[in-house]
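Q: First the structure, which I've put down as structure tokens, then a few questions once you've had a look.
The values are calculated or read from the model by the stated rules, or taken from the named source; none is laboratory data. Keep in mind that this is a model prediction, so the values were computed, not measured. Using ideal geometry, Cβ is built from the backbone for each residue, glycine included, and neighbour counts are taken over all protein chains shown.
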Amino acid sequence: MTQIKFGTDGWRGLIADDFTFDNVRRVAGAIASYVLKHEDPQRGVVIGYDTRFLSGHAARAVAQVIAAAGIPVVLANDYVPTPTVSYNVKKFGAAGGVMVTSSHNPWNWNGVKFKAKFGGSATPAIMKLIEEELAANAMPSGHSPAKIEEVDLKPAYVEAICQFADLNLIRKANFKFAIDSMYGSGRGVLPGVFDKNGIQYVAIRQEVNPLFPGINPEPILPHVALLQETVVKERCHAGLVTDGDADRIGAVAEDGSFVDSHKCMSVLLHWLLVRKKWPGDVVRAFNTTGMMDRIAAKYGRKLHECSIGFKYIADLMMDHEILIGGEESGGIGYGRFLPERDGILNALLLANVMAEEGKPLGQLVADLQREFGAHYFGRRDLHISDEMKNGAIRRAADPQTTKLGAYPILRKENRDGVKFYLDAPKHGNGADAWVLFRASGTERMLRCYVEAATPELVEEILETGERFVRLA
């Protein structure tokens, strides 16, 4: 029997290898058993799915298993963004939600995410309980089957996120946007909002194509190349891109340059503190920019650093008043909406920042770099053997490892992977140089993350880091 391992946000596997209907039903059985034991099953479960191969059929299989356990099901009648499921869980007061998706993974992957009753990524404690049910091969039976009701989940969600943005102000600013859904389940949502509110835009990759031709549906380089070309060709003031299930954001500046998630988070945080003045602490994952620390410190806000995976941010949102929480992969959420990342909401809010400041996106980023110092980021995904991966992590953690190439290691942190703070050129008040080595929680690889004060230094440290990993 295939081992099913839960990563940072649910289970993912290769289609027809790990992701089979038998395994989907096993995961659904574990979720049903968790709901029966730990939640009010009569509150039901909300189920959605993305544009991947077999997602709709897999969602139906999940619905049938959960309904057979006597738990009512609300099943999406079309592809939906993941945050749409989370919002409707909260709206219906459901016991939880299931999203069939593999998020940003390549076309030949699929998976299952579980959303807790509070409308966000299930906490580590909840995921542990579901994993225990899975290990026991739980498959509840002997109940009177419950109803499966197909529902359009999008309208209520779209109405809710539109209340967070000043769409009239965005329209009056007369900016033009490029919208890229990367063939994912965010298709048509932002264009519909912009159409309704008279906001100028051009849209690309809105059609359903489960092969995601030429890209992984992840809103980073090089997969955003078509959006970069579109922004320049159509003379847009920004490009806004969401991933395969539309819970993550990426962006492109008016000159076609990529704006990574770290800059998006920093722009949004600064706007919330200066313009909106919303209360609350700031959360960032272990692999994200130190610029957020500097912004939070300037405005007297407490900053929490957490492990990688939005479930850790959601966990903090349960216990603290959190203004904003963000992670390197483009997941950003707000305590006053949902403890959930939301690419479409963040696209609207970035447009709102531009409209309120009267500046295109690249200028907003440049302003932050001037005020808080130059921060540049890079990442490499190294597809290597388990032996090499484990060896690299062991050597990184070894106290005898005191240098990375020519750079002395000032200190190490082992919260989630191994992070080196390096004695590298500072370039004024720019970013402290650091590198993080971490085995992916969802894919067979080791990731190397770097932040430093110049793009050249980022690239040099990435090269040095890769050599360190590949050292036999």
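Q: So which residues in the range 181-234 are of a type in the set (Lys, Arg) and farther than 18 Å from PRO155 by Cα?
A: Hits for the range 181-234 are ARG205, LYS233.
Q: Hey, another quick one. Taking the stated definitions as given, is VAL283 closer than 16 Å to SER181 by Cα and in a strand (DSSP E or B)?
A: no
Q: So THR20 passes all but one of these: (1) surrounded by fewer than 24 Cβ atoms within 10 Å (Cβ to Cβ); (2) touching a residue at least 60 places away in the same chain (Cβ under 8 Å); (3) of a type in the set (Ser, Thr, Tyr). Which condition number does it fail?
A: All conditions are met except number (2).
Q: Quick check: is even one residue across the range 233-248 part of a helix (DSSP H, G or I) and either farther than 12 Å from ILE179 by Cβ or charged (D, E, K, R) (or both)?
A: yes
Q: Considering only the range 209-218, I want to know if a residue exists there that is in contact with a helix residue (DSSP H, G or I) (Cβ under 6 Å, 6 or more places away or on another chain), over 22 Å from GLU327 (Cβ atoms) and either surrounded by 15 or more Cβ atoms within 10 Å (Cβ to Cβ) or touching a residue at least 60 places away in the same chain (Cβ under 8 Å) (or both).
A: no
Q: Ok, one more. Being closer than 30 Å to LYS426 by Cα and touching a Cys at 6+ places or on another chain (Cβ under 9 Å) is the filter here; which residues of the range 342-359 pass it?
A: Result: LEU350, single match.
Q: If you don't mind, there's one more thing I want to ask. Taking ALA165 as the residue in question, decide whether it is part of a loop (DSSP other than H, G, I, E, B) and either surrounded by fewer than 24 Cβ atoms within 10 Å (Cβ to Cβ) or not assigned by TED's automatic domain parsing to the domain that holds GLY29 (or both).
A: In short, yes.
Q: Can you tell me how many residues within the range 294-331 are of a type outside the set (Phe, Trp, Tyr) and in a loop (DSSP other than H, G, I, E, B)?
A: Residues in the range 294-331 being of a type outside the set (Phe, Trp, Tyr) and in a loop (DSSP other than H, G, I, E, B): 13 in total.
Q: Would you tally the residues in the range 18-46 being outside any helix (DSSP H, G or I) and under 25 Å from the mean Cα position of the chain (by Cα)?
A: So the answer is 5.
Q: Would you check which residues across the range 188-208 are in contact with a Lys or Arg (Cβ under 6 Å, 6 or more places away or on another chain) and crowded, with 19+ Cβ neighbours inside 10 Å and list them?
A: ILE199
Q: Given the residues VAL65, VAL85, which is the only one that is farther than 22 Å from GLY186 by Cβ and of a type outside the set (S, T, N, Q)?
A: Going through VAL65, VAL85 in turn, just one is farther than 22 Å from GLY186 by Cβ and of a type outside the set (S, T, N, Q): VAL65.
Q: Of the residues that sit in the range 221-241 and are over 15 Å from PRO360 (Cα atoms) and among the hydrophobic types (A, V, I, L, M, F, W, C), which one is surrounded by the most Cβ atoms within 10 Å (Cβ to Cβ)?
A: VAL241
Q: Among the residues of the range 7-16, is any surrounded by fewer than 17 Cβ atoms within 10 Å (Cβ to Cβ) and more than 21 Å from the chain's Cα centre (by Cα)?
A: yes
Q: While we're here: Which residues, counting only those in the range 40-60, are surrounded by 24 or more Cβ atoms within 10 Å (Cβ to Cβ) and more than 15 Å from VAL85 (Cα to Cα)?
A: ARG52, ALA58
Q: Restricting to the range 393-409, what's the tally of residues that are surrounded by 14 or more Cβ atoms within 10 Å (Cβ to Cβ), under 21 Å from HIS375 (Cα atoms) and free of Cβ contacts under 8 Å to residues at least 40 places away in the same chain?
A: Number satisfying all stated conditions: 1.
Q: Identify, by number, the condition in (1) out of contact with any His (no Cβ under 9 Å at 6 or more places or on another chain); (2) under 18 Å from ASN287 (Cα atoms) that GLY330 doesn't meet.
A: Condition not satisfied by GLY330: (1).
Q: May I ask you to list pairs of residues, at least six apart or on different chains, whose Cβ atoms are under 6 Å apart, with the first in the range 412-429 being modelled with pLDDT of 85 or more and of a type in the set (Gly, Ala, Ser) and the second being surrounded by 15 or more Cβ atoms within 10 Å (Cβ to Cβ) and not in a loop (DSSP other than H, G, I, E, B)?
A: Matching pairs, first to second residue: GLY417/LEU436; GLY417/PHE437; GLY417/ARG438; ALA424/TYR407.
Q: Among the residues of the range 96-152, count how many are farther than 15 Å from PHE310 by Cβ and among the basic types (Lys, Arg).
A: Summing the residues that are farther than 15 Å from PHE310 by Cβ and among the basic types (Lys, Arg) in the range 96-152 gives 3.
Q: Let me ask you something else. Do the conditions hold for VAL80, that is, is it of a type in the set (A, V, I, L, M), free of Cβ contacts under 8 Å to residues at least 40 places away in the same chain and in contact with a helix residue (DSSP H, G or I) (Cβ under 8 Å, 6 or more places away or on another chain)?
A: No: the conditions fail for VAL80.
Q: Of the residues GLN64, GLN3, which single one is surrounded by fewer than 22 Cβ atoms within 10 Å (Cβ to Cβ) and either touching a Pro at 6+ places or on another chain (Cβ under 8 Å) or without any contact (Cβ under 8 Å) to a residue 24 or more places away in the chain (or both)?
A: Sole residue among the options that is surrounded by fewer than 22 Cβ atoms within 10 Å (Cβ to Cβ) and either touching a Pro at 6+ places or on another chain (Cβ under 8 Å) or without any contact (Cβ under 8 Å) to a residue 24 or more places away in the chain (or both): GLN3.
Q: Now for a separate question. Would you check which residues across the range 80-116 are part of a loop (DSSP other than H, G, I, E, B), touching a Gly at 6+ places or on another chain (Cβ under 8 Å) and under 18 Å from GLU150 (Cα atoms) and list them?
A: Correct list: VAL80, PRO81, ALA94, ALA95.
Q: Still on this model: Considering only the range 1-52, state which residues are modelled with pLDDT of 95 or more and polar (S, T, N, Q).
A: Residues satisfying the conditions are THR20, ASN23, SER33, GLN42, THR51.
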